[in-house]
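Here is the structure we will look at.
The values are calculated or read from the model by the stated rules, or taken from the named source; none is laboratory data. All of these numbers come straight from a predicted model, not from anything done at the bench. Cβ atoms come from the backbone with ideal geometry, glycine included; neighbour counts cover every protein chain shown. Heavy atoms of the whole protein, side chains included, go into the accessibility calculation; ligands, DNA and RNA do not. Shrake-Rupley method; radii C 1.70, N 1.55, O 1.52, S 1.80 Å.
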Amino acid sequence: MSAHSRRLPAIAVESLVKRYGAETVVDGLNVSIASGETFAFLGPNGAGKTTTIKMLTTLLPPDEGRILLNGVDLAKDPMNARRHFGVVFQDCTLDKTMTVHENLWMHCALHRIPRAQRRLRIGDVLALFDLADRRDSMVSALSGGLRRRVEIARALLHHPALIFLDEPTLGLDPKSRRILWAHLQHLQKECGTTIFLTSHYLDEVERFAHNVAVIQKGRIIMQGTVDSIIRYAEKTTLEDSFLFLTSEETQTKEDRAVVAGA
Amino acid sequence: MIDILYCLWLRQIRSFLRARGRVVSALAQPFLFLIALGLGFAPIFRKAGEGNYFVFLAPGVIGAGILFNAVYSGSDLLWDRQFGFIKETLVAPVSRVWILLGRALGVASVALIQAVLVGLLCLAAGRVLPDAGQIGLALLFALLIALIFAFFGSILGSVMSDAQSFSQIVSFIVTPLFYLSGAVFPLEGQTTLVRVLAFCNPLTYGIDGMRGALSGRFVVAPSLSLLVLAVSAILSAGFAQLAFSRIRP
């Protein structure tokens, strides 16, 4: 990573707007995420999280606003921007008719990783996520936790500086969730990968995220460190703070300011 | 880019070969057509002085196999859209043109493999041995209709949203294409309406081309059929690309 790219935010979102017909799903979003941090994007169902991730990953064009990933403008150069990130969607996007290795090989081809490097890179990510013995298993035969690990391993094959995780631990048992987080922490420590995640498991977010943004009805209502948000809400946990901040009563009581990096 | 096309092509082939039920039904369906229609119409055909109906029907059944296989593969795309894999391809730094092309080539190849297998069995059963030129020309016609309907299936898979109604809607489209292609009955002597409809159908040119290549009797000049099929392939590829570029997973 060059000194120049280290100074740039991993993600810079400016005045992002997305409408579906008359409904504004994302309404003037501004976010800046530093390289190497774990950023949690929280919100109740239907708040606009998944739509935002789709825009950040080039699947949906925004109606207004600008997105820069490592300084690359998504609207101007989406192909180049796609080289900078990996993504794990909420639903499994592995091909269940293929083996783990075939899925990883396909990803390598789509990201134009030279053939000579593929075997090594696939071996590396399989080892990193303790999947070496599953190399030739059909994806359809894997448990939910293993599939999640394969998906994250796949998203890292092209060495992205940034990874989007949309509900990475959804539907996993506690043991699988713990293993997954251990892998993610290891990844961040070893590679300095920026992690952008959404999750409804706020205990996990409280433990692992550096910064958090809370979105409701398409607007960010609170942004800052986990501690600053808990302090602002005068609660003891992030979950209680989140419930307080997104409650109807709190919404009508005040127009909150963003707590920036407090 | 060849590598990406190859991987997407290979995915379709593997997916087909690993679904044993699909392989069996893809091969069995043409024979069911051949037996059911052949046994029913062969005596009438012979009485009318048109010769051996099985020989007439075999290219039609091969063409029908390609049609059904290629168009119904659109449900794979719909499935990928609903269950995720499409997102993996759409967030990759690859133009959608290549993704569509790789998939369509895979679908067309699967349809062609099936056509070749059915064709070989028909030739063996009929104890006919065409020369290499005849086989090459028949394969060229088969390839073109496979491509046309692979792209057509991609259009349907891109624009439709309900996997459950896919097969019903596709049957509604594909059945008339099959019956109005000269696959089951000769176009000579038909009413003007039937002939006009048949000649608006690219499958007609493909089946006539395959039949002519193997028997030497063309209804339409082969060069004209090849031209019509080539133009149809380009048009269906263009419309498929338009539909595919509008997918919003």
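Cβ separations smaller than 6 Å between residues 6+ apart or across chains give the following pairs from the stretch A:137-148 residues that are within 14 Å of A:His101 (Cβ to Cβ) to residues that are open to solvent by less than 30 Å² (accessible area, probe 1.4 Å) and not in a loop (DSSP other than H, G, I, E, B): A:Ser137/A:Val100; A:Met138/A:Thr99. Whether any residue in the stretch B:194-205 is under 21 Å from B:Gly60 (Cβ atoms), free of Cβ contacts under 8 Å to residues at least 12 places away in the same chain and over 18 Å from the mean Cα position of the chain (by Cα) is what I want to check. The answer is yes, given that some residue of the stretch B:194-205 is under 21 Å from B:Gly60 (Cβ atoms), free of Cβ contacts under 8 Å to residues at least 12 places away in the same chain and over 18 Å from the mean Cα position of the chain (by Cα).
Only residues that are of a type in the set (Lys, Arg) and crowded, with 18+ Cβ neighbours inside 10 Å were counted across the stretch B:1-59, and they come to 1.
When every residue of the stretch B:219-242 is checked against the conditions, none turns out to be farther than 16 Å from B:Phe152 by Cβ, more than 21 Å from the chain's Cα centre (by Cα) and not in a helix (DSSP H, G or I).
Taking helices (runs of 4 or more DSSP H) as the structural unit, those lying wholly within the stretch B:132-213 and holding at least 2 residues that are among the small types (Gly, Ala, Ser) correspond to B:132-159, B:163-179. Whenever a residue of the stretch B:70-98 is within 12 Å of chain A (Cβ to nearest Cβ), its partners that are open to solvent by 10 Å² or more (accessible area, probe 1.4 Å) and among the β-branched types (Val, Ile, Thr), lying with C-beta atoms within less than 6 angstrom and at least six residues away or across chains, give the pairs B:Val91/A:Val87. Residue check: is B:Gly126 under 16 Å from B:Phe68 (Cα atoms) and either open to solvent by less than 10 Å² (accessible area, probe 1.4 Å) or more than 14 Å from chain A (Cβ to nearest Cβ) (or both)? Here the answer is no, as B:Gly126 does not meet what is asked. Looking only at residues of the stretch A:151-180 that are small (Gly, Ala, Ser) and outside any helix (DSSP H, G or I), we find that the one that is surrounded by the most Cβ atoms within 10 Å (Cβ to Cβ) is A:Ala161. Can you give me the ranges of the helices (runs of 4 or more DSSP H) entirely in the stretch A:215-259 with at least 2 residues that are modelled with pLDDT under 85? Those helices (runs of 4 or more DSSP H) span A:248-253.
Note on the stretch B:159-199: residues that are more than 26 Å from B:Tyr53 (Cα to Cα) and open to solvent by less than 50 Å² (accessible area, probe 1.4 Å) total 5.
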